[in-house]
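The block underneath contains the structure these notes are about, expressed in structure tokens.
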Amino acid sequence: HDTIESKPLLQAPEMETNRAQETSAPYTPDACLVLHIMNIPKRSTLRLSLKAEAYIILGRCAPDTSFTPTIDLTPYGAKEKGVSRTHATLYRRGEKLTLVDLGSTNGTHLNGQRLYEGEEHTLHDKDTVALGELPIRIGFE
């Protein structure tokens with residue numbers, strides 16, 4: 001697996017949870033998280049390991065800031081597809097992988113449902129996440 005440095009989760013933010021977390025298939029400690037970036041001229045796949053109790057930020061770089069998200073989606077047309085600089089966060093909590101919209105301008109969708117800012121949603125193998133208009137298929141290997 002390619003390992004992308006994740007940041008330790010120092011203090012869990014207060015977030016609402018959804019019912020899907022109670023029945024979620026586990027994201028096991030040895031699982032590899034696979035992000036299939038779809039609807040771009042050349043489909044791309046990113047494989048990464050996410051350490052326990054850690055998070056990554058999905059977003060894009062911008063020339064007027066020095067901030068770089070953990071996963072920079074700029075090469076996949078992120079700006080044109082409405083991805084914010086700090087769009088969403090993936091958290092690993094034990095055997096669960098969760099997604100949180102960070103107040104993005106063009107929204108985050110999970111399997112077609114719009115997410116509200118700050119709400120935590122459990123991800124499952126084969127879920128589809130849309131950051132703005134950039135779809136990403138989630139996979140566990």
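The values are calculated or read from the model by the stated rules, or taken from the named source; none is laboratory data. Keep in mind the model is a prediction, meaning the values are calculated, not measured. Backbone-built Cβ (ideal geometry, glycine too); neighbour counts: all protein chains shown. Heavy atoms of the whole protein, side chains included, go into the accessibility calculation; ligands, DNA and RNA do not. Shrake-Rupley method; radii C 1.70, N 1.55, O 1.52, S 1.80 Å.
Structure data summary
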quantity	calculated
Fully extended contour minus Cα-Cα distance, from E80 to A62, at 0.36 nm per residue	5.3 nm
Under-5 Å amide H pairs with T86, H placed in peptide plane, nonlocal only	R60
Spatial extent of region 28-127: Rg and Dmax, with the Cα atoms as the point set, Å	13.4, 39
Label-to-label distance, nm, for residues given as Y116 and M38 (7 Å Cα→Cβ offset)	2.7 nm
Heavy-atom surface of region 31-141, accessible at 1.4 Å and reported per residue (Å²)	46 Å²
18 Å Cα-Cα reach of K42 towards lysines, excluding residues that sit fewer than 8 places from it in its own chain	K79, K81
Radius 14 Å from Cβ of D64, net charge of other residues (Lys, Arg +1; Asp, Glu -1)	+3
Candidate lysines - alpha carbon under 18 Å from K96, same-chain residues fewer than 8 apart omitted	K7, K51, K126
